[in-house]
Amino acid sequence: MKIRAILVPAFALLAILASKSVKIPEADLHRPTAMPGRVILTWAGDPATTQAVTWRTDTSVDKAMAEIALDEDGPGFVKKARTVEAVTEPFESDLGRAHYHSVRFTGLTPGAQYVYRVGDGFNWSEWNQFRTMLDKPAPLTFLYVGDAQNDIWALWSRLARNAWTEVPKADFIIHAGDLVNRSLRDAEWGEWHEAAGWINRSHVSVPTPGNHEYNAPAKDAARTLTPHWRPQFTLPENGLAELPESSYWYDIQGVRVVVLNSNVKQTEQAAWLDRTLASDPRRWTVVTFHHPVFSAAANRDNKPWREAIQPVFDKHAVDLVLTGHDHTYARSNLTSGISGRAGKSGTVYVVSVSGPKMYNLDREPWMVRAAEDTQLYQVVRIDGDKLRYESRTARGVLYDAFELRKQKGKPNRLVNQVPVTPENRRAAGAKASE
């Protein structure tokens with residue numbers, strides 16, 4: 001026994017020394033199979049009565065489906081599930097061919113919890129859960145993150161997990177663009193889906209495209225939205241007609257959430273937004289897109305976009321604008337005018353980053369709180385006449401906070417609740433992590 005105890009570790013050591021570890025090829029890591037992968041919830045219609053789900057398989061699956069039932073305390077729901085046939089479309093990436101499938105559940109009960117699974121009748125995902133929104137004003141909580149973009153699996157996944165640990169009942173998550181770095185690379189999309197894991201299968205994603213979701217197919221050619229976007233996200237087509245599924249809006253429990261595509265057709269979207277908000281009966285309006293109206297990083301001003309879109313925010317008293325792109329953090333007070341005047345009325349503007357890529361901050365007078373070299377996620381809670389905003393670091397530490405309070409016949413009242421801690425700024429002369 002003693003000899004065996006000595007020899008086994010020795011053989012193990014020899015095996016380790018003799019082995020030749022190699023990096024697993026991306027095509028193997030991200031190869032689709034007949035089992036559903038990259039399952040993600042989005043909304044393509046009314047969040048109170050509909051739910052969309054999209055997933056990927058290999059090309060052997062040419063007929064897919066989903067099953068759905070009201071959730072129960074035991075497994076009896078399985079026998080009560082109804083089947084919905086999926087729409088299947090072929091897709092070819094740099095790593096090969098696949099099929100994307102999508103289902104739109106309709107006729108759902110507001111405020112109810114459902115279970116669903118997706119598959120081909122033989123190969124199924126696990127049963128996942130989601131809850132529909134209510135069809136009337138009610139408390140709402142959502143998360144918002146800026147650019148994930150780089151080292152997504154290695155360094156963004158911890159932020160995603162911690163955000164949902166801290167806020168497990170969040171209703172949805174806004175991704176303000178640059179979800180990946182090179183959007184023609186299937187491996188990066190694979191990392192993005194894997195980093196969020198079960199979160200994407202149980203909580204709704206609200207994505208907006210960043211500049212890294214756009215590509216030039218050839219030199220001097222016009223940039224186009226990545227072909228990955230529409231197959232993997234099932235989104236509304238109620239936005240600007242020329243930008244299907246990349247500009248859109250929802251009404252959710254008394255809040256209008258508008259997603260814009262700040263990469264293209266800026267003046268056209270400004271006119272569209274003006275029309276869309278003219279008929280907005282909701283108490284709160286939140287708008288998200290990628291390129292900031294007021295930039296937080298050096299030499300990154302988006303003046304044409306600001307001149308087109310910011311007057312619309314003032315005209316319709318938009319409450320909150322959530323952006324990314326600058327790989328720093330900055331948040332304003334109530335701000336109006338294209339020059340960014342702080343005052344007693346206006347919109348709160350936020351720039352944030354959730355991934356590890358960091359830029360230099362340009363400290364400007366409009367910023368109430370700013371940060372460099374800090375991965376952040378934001379929690380927004382809306383309840384009646386109050387909006388509570390928190391920005392938290394990847395560790396969950398509160399970094400910034402404020403409240404907006406509605407006042408009858410008056411502009412919002414902003415109450416800053418910034419923690420009494422120093423801003424996260426790098427040492428003088430230190431370089432950003434590109």
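Of the listed requirements (1) touching a Lys or Arg at 6+ places or on another chain (Cβ under 9 Å); (2) assigned to a loop (DSSP other than H, G, I, E, B); (3) surrounded by 24 or more Cβ atoms within 10 Å (Cβ to Cβ), residue 318 misses just one: (1). Out of all the residues in the stretch 285-296, is one or more out of contact with any Phe, Trp or Tyr (no Cβ under 9 Å at 6 or more places or on another chain), outside the structural domain of residue 48 (by TED's automatic domain parsing), farther than 20 Å from residue 381 by Cα and surrounded by 23 or more Cβ atoms within 10 Å (Cβ to Cβ)? For the stretch 285-296, residues out of contact with any Phe, Trp or Tyr (no Cβ under 9 Å at 6 or more places or on another chain), outside the structural domain of residue 48 (by TED's automatic domain parsing), farther than 20 Å from residue 381 by Cα and surrounded by 23 or more Cβ atoms within 10 Å (Cβ to Cβ): present. When you look at residue 94, is it under 25 Å from the mean Cα position of the chain (by Cα) and in contact (Cβ under 8 Å) with a residue 60 or more places away in the chain, yes or no? It is true that residue 94 is under 25 Å from the mean Cα position of the chain (by Cα) and in contact (Cβ under 8 Å) with a residue 60 or more places away in the chain. Can we say residue 46 is at pLDDT 95 or above, part of a loop (DSSP other than H, G, I, E, B) and within 23 Å of the chain's Cα centre (by Cα)? Taking the combined requirement at face value, the residue satisfies it.
Beta carbons closer than 8 Å, at least 6 apart along the sequence or on distinct chains, never pair a first residue in the stretch 46-73 that is on the phi < 0 side of the Ramachandran plot and aliphatic (A, V, I, L, M) with a second that is assigned to a loop (DSSP other than H, G, I, E, B) and modelled with pLDDT under 95. Take the conditions (1) assigned to a strand (DSSP E or B); (2) surrounded by fewer than 21 Cβ atoms within 10 Å (Cβ to Cβ); (3) basic (Lys, Arg); residue 331 misses just one of them, which is (2). Scanning the stretch 388-410 for residues that are under 13 Å from residue 319 (Cα atoms), touching a residue at least 60 places away in the same chain (Cβ under 8 Å) and under 20 Å from the mean Cα position of the chain (by Cα) yields a single hit, 389.
The values are calculated or read from the model by the stated rules, or taken from the named source; none is laboratory data. Remember, it's a predicted structure, so these values are computed and weren't measured experimentally. Glycine also receives a Cβ, built like all others from the backbone with ideal geometry; neighbour counts cover every protein chain displayed.
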